[in-house]
């Protein structure tokens, strides 16, 4: 999960820098056009900014040279992309972590549990249309996990608690907020 998030951050940052450079050049040609451009990439993500509490006793987890979290965003007119993620570690089990986050996530809608991009239990699609693998709902990119997670929100704006239980004696997990552009060919969700 963590490598996938950071690979997504890195590829998104490169793409957004290229897009940002293009748009800032285009916008500088017509600065009075009413089009606003905002691009940011930093390590200032936190559980509070993502809208979730910190798991009791959890500590920030930093992998090698990577920060424990990151915040990446691009806004151009009606195009909005935002990705915030922060990594934690606890001695508690993955089940305890997931159970703790079910209630806070429920503030954003039905909570969907996924395992390797597939729904766990009878809920496969929330009432807002959120699935375990967003390409199933018409998006061109897949935002599914390579592990266990719970998520809530809408297909274009959701929060994820992703588990990395590959480390004996500890549970590493990520809190993620993802806002992706709406598909202009579909009704607004």
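For the range 79-95, name all the residues that are touching a residue at least 24 places away in the same chain (Cβ under 8 Å) and more than 16 Å from the chain's Cα centre (by Cα). Give the steps one after another, and end with the answer.
As a first pass, look at the range 79-95 and keep what is touching a residue at least 24 places away in the same chain (Cβ under 8 Å): 79-94.
Passing the criteria: 79, 89, 90, 91, 92, 93, 94.
Scan the range 12-34 and give yes if some residue there is modelled with pLDDT under 90, closer than 12 Å to residue 175 by Cβ and out of contact with any helix residue (DSSP H, G or I) (no Cβ under 8 Å at 6 or more places or on another chain), otherwise no.
Filtering the range 12-34 down to residues modelled with pLDDT under 90 leaves 12-34.
Those still in the list that are closer than 12 Å to residue 175 by Cβ too: none.
Checked the range 12-34: no residue is modelled with pLDDT under 90, closer than 12 Å to residue 175 by Cβ and out of contact with any helix residue (DSSP H, G or I) (no Cβ under 8 Å at 6 or more places or on another chain).
Restricting the search to the range 42-76, which residues are more than 21 Å from residue 152 (Cβ to Cβ) and out of contact with any helix residue (DSSP H, G or I) (no Cβ under 9 Å at 6 or more places or on another chain)?
Within the range 42-76, 42, 43, 44, 57, 59, 60, 62, 64, 65, 67, 68, 75 qualify.
Taking the condition within 24 Å of residue 154 (Cβ to Cβ) and in a loop (DSSP other than H, G, I, E, B), does residue 109 pass? If you could, list the steps in order and put the result at the bottom.
Details: within 24 Å of residue 154 (Cβ to Cβ): yes; in a loop (DSSP other than H, G, I, E, B): yes.
Yes; evaluated as a whole, the condition is true for this residue.
Starting from residues that are touching a strand residue (DSSP E or B) at 6+ places or on another chain (Cβ under 9 Å) and assigned to a helix (DSSP H, G or I), keep the ones in the range 35-63 and report whichever is surrounded by the fewest Cβ atoms within 10 Å (Cβ to Cβ).
Checking each candidate, the answer is 49.
Determine if the range 117-140 includes at least one residue that is modelled with pLDDT under 95 and within 11 Å of the chain's Cα centre (by Cα).
Within the range 117-140, none of the residues are modelled with pLDDT under 95 and within 11 Å of the chain's Cα centre (by Cα).
Scan the range 84-113 for residues that are out of contact with any helix residue (DSSP H, G or I) (no Cβ under 9 Å at 6 or more places or on another chain), surrounded by 15 or more Cβ atoms within 10 Å (Cβ to Cβ) and either within 13 Å of residue 164 (Cα to Cα) or modelled with pLDDT under 95 (or both) and jot them down.
Scanning the range 84-113 gives 89, 94, 97, 98.
Considering only residues that are touching a helix residue (DSSP H, G or I) at 6+ places or on another chain (Cβ under 7 Å) and more than 10 Å from residue 94 (Cβ to Cβ), look in the range 162-175 and name the one that is surrounded by the most Cβ atoms within 10 Å (Cβ to Cβ). Reasoning before the result, please.
Just the residues of the range 162-175 that are touching a helix residue (DSSP H, G or I) at 6+ places or on another chain (Cβ under 7 Å), to begin with: 163-165, 171-175.
Narrowing further to those that are more than 10 Å from residue 94 (Cβ to Cβ): 174-175.
Details: 174: 25, 175: 28.
Only one residue tops the list, namely 175.
Of the conditions (1) modelled with pLDDT of 85 or more; (2) over 25 Å from residue 106 (Cα atoms), residue 66 satisfies every one except a single condition; which number is it?
(1)
The values are calculated or read from the model by the stated rules, or taken from the named source; none is laboratory data. Quick caveat: nothing in here was measured; it's all calculated off a predicted structure. Positions of Cβ are backbone-derived with ideal geometry, glycine not excepted, and every protein chain shown enters the neighbour counts.
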